[in-house]
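Written out below as structure tokens is the structure these notes cover.
What follows is calculated from the coordinates using simple rules that are stated; it is not laboratory data. Remember, it's a predicted structure, so these values are computed and weren't measured experimentally. Here the Cβ positions follow ideal geometry from the backbone for every residue, glycine too, while neighbour counts run over all protein chains shown.
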Amino acid sequence: MSDTDVLLSVQGLKVHFPIKRGVLLDRTVGYVYAVDGVDLAVRRGETYGLVGESGCGKSTLGRGILRLVEPTGGRVVFDGTDLSTLKGEALRTARRRMQMVFQDPLSSLDPRQSVESLLTEGMAAHGLHTGAGQRHARLRSLLSSVGLPSQALSKYPHEFSGGQRQRIGIARALTVEPDLLVADEPVSALDVSVQAQVVNLMEDLQAELGLTYLVIAHDLAVVRHISDRIGVMYLGGLVERAPAGELYAQPLHPYTRALLSAVPVPDPVVEDRREQILLAGDLPSPANPPSGCRFHTRCPWRQPARCDTERPAFRSVQLAGVSSEHQVACHYAEAVHSGELLPHAVTAQATDPAALDARVVPDRPGSIDEVI
Ligand SMILES: Nc1ncnc2c1ncn2[C@@H]1O[C@H](COP(=O)(O)OP(=O)(O)OP(=O)(O)O)[C@@H](O)[C@H]1O
Ligand code: SF4
Ligand SMILES: [Mg+2]
């Protein structure tokens with residue numbers, strides 16, 4: 001992949017949250033390693049799907065990319081510029097080009113603001129479409145591109161259905177003419193029947209405006225049809241990344257296989273033969289991640305010693321139908337793939353009670369205001 005193809009490059013990104021104890025919460029007793037060394041590259045005009053179970057750090061990664069949380073380490077390079085070198089106005093301008101669409105449009109849209117006010121705010125903040133005539137024309141065209149009538153301008157978020165509110169959330173992100181949209185679970189709060197409409201809208205807008213998407217989801221079914229490439233995340237790190245078709249056809253990481261095995265297949269014959277891997281236990285605490293391969297406490301293919309002590313690096317594998325762009329962080333990917341290693345039963349491990357006892361500052365629901 002040449003550098004000019006890449007719009008967003010994330011290199012070794014880390015976001016660690018301090019865990020505070022004491023009456024005044026003044027002692028740092030540890031860290032939540034929410035994002036702990038993520039590398040990914042998103043090409044111009046593509047859709048990159050990021051999947052992983054709840055709590056694995058997807059939203060924190062999205063927020064770290066947009067610098068809505070301050071990264072602890074690593075780099076985010078957007079269109080050739082390292083964002084950590086930018087401050088003040090330069091950072092604000094760069095951030096205009098990257099916007100976020102949130103999971104729950106009701107909590108991310110201020111209920112006291114009319115749609116017109118919600119949509120005008122970002123334009124005003126960035127000095128776009130300043131004349132009244134120009135601004136109204138822009139508002140009408142934005143609403144029509146997300147499939148809402150211009151009468152919507154005088155209404156308030158609670159007057160809309162969930163799907164319509166998400167359309168407003170998307171229109172709001174588009175007001176400042178971004179290049180990249182980070183969509184954090186954009187359809188998971190919506191009814192299944194409405195999900196497809198919003199996904200189709202996002203695809204149409206991408207084709208029309210040449211947008212690049214990073215779409216975050218907790219299951220592989222949602223990103224399947226829209227992603228060009230997919231990264232699978234587990235406990236703060238990526239474990240597999242691949243062109244979308246290859247990931248579904250030949251999942252190499254045991255965790256990806258488990259995630260895929262949870263996706264039902266409409267064909268009853270295939271469904272009967274579908275591999276079913278039930279993961280034992282919950283995601284371990286990111287405040288106390290397992291040593292070695294972070295998945296070893298739940299991996300049915302775990303091999304003693306090496307899996308417990310050595311963190312696997314990303315690597316390409318020499319297998320038929322697997323391209324060099326398909327990379328996996330598992331010591332035994334080939335042997336798991338060939339069947340040479342067979343899965344074994346895994347006993348669920350209890351989460352470390354000391355980690356649960358820690359007082360972490362809870363994450364706030366995403367707000368669009370902070371992106372502007
Ligand atoms: N501001 C914060 N302070 C402390 N810990 C946090 C903060 N934000 C997130 N975390 C912790 O970081 C971990 C990753 O959280 P994150 O919200 O990024 O996960 P996620 O993959 O988006 O999960 P979900 O699918 O439930 O949205 C969790 O353990 C969470 O409790
Ligand atoms: S490195 Fe070991 S524990 Fe980790 S996914 Fe591979 S086989 Fe499982
Ligand atoms: Mg999240």
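For the stretch 93-227, what is the convex hull volume of the alpha-carbon atoms per residue, in Å³? Working shown, then result.
Working: hull volume 13.7 nm³, N = 135.
Once divided by residue count, the hull of the stretch 93-227 is 101 Å³.
When the Cα positions of A244, C307, A152 are compared along the charge dipole of the chain, A152 comes out farthest toward the positive end, with charges on each C-beta of Lys, Arg, Asp and Glu.
What's the Cα-based Rg to Rh of the chain, Rh via Kirkwood? Intermediate results must be reported in sequence, preceding the final value.
Working: Rg = 21.6 Å, Rh = 22.0 Å.
Answer for the chain: 0.98.
For the stretch 145-182 versus the stretch 212-241, the inter-centroid distance based on Cα atoms is 24 Å.
About the centre of its Cα atoms, the stretch 93-212 shows a dipole size close to 440 debye [charges on the beta carbon of Lys, Arg (+1) and Asp, Glu (-1) only; nearest 20 debye]. Comparing Cα centroids, the stretch 84-118 and the stretch 1-31 end up 21 angstrom apart.
3J(HN,Hα) along the stretch 322-338, derived from phi through the Karplus expression 6.51 cos²θ - 1.76 cosθ + 1.60 where θ = phi - 60°, amounts to 10, 7, 6, 7, 9, 10, 9, 10, 8, 5, 10, 3, 5, 5, 5, 5, 7 Hz, with x in place of Gly and Pro.
Placing a label point 7 Å from the Cα of D5 along the Cα-to-Cβ direction, the residues of the stretch 222-242 whose backbone N falls under 17 Å of that point are 227-231, 241-242.
Under 5 Å from the amide H of V69 lie the amide H atoms of G64, each residue being 5 or more positions distant or on a separate chain, with H modelled from the backbone and absent for Pro and chain starts. Considering helices alone, the calculated mean residue ellipticity of the chain at 222 nm is -8500 deg cm²/dmol, with DSSP H runs of length four and up weighted by -39500 (n - 2.57) and normalised per residue. Scaled against 2.2 N^0.38 Å for its residue count N, the alpha carbon radius of gyration of the stretch 1-107 is 1.19. A simple rule links phi to the HN-Hα coupling: the Karplus curve 6.51 cos²θ - 1.76 cosθ + 1.60 with θ = phi - 60°, which for the stretch 108-115 gives 9, 9, 4, x, 8, 9, 6, 4 Hz, with x for Gly and Pro.
Segment A132..S117, full-extension length gain: 4.1 nm, with 0.36 nm per residue of separation and the alpha-carbon distance subtracted. Amide H contacts of G49: V215, D228, R229, I230, G231, each under 5 Å away and 5 or more positions distant or on a separate chain (H built 1.01 Å from N in the peptide plane; Pro and chain starts excluded).
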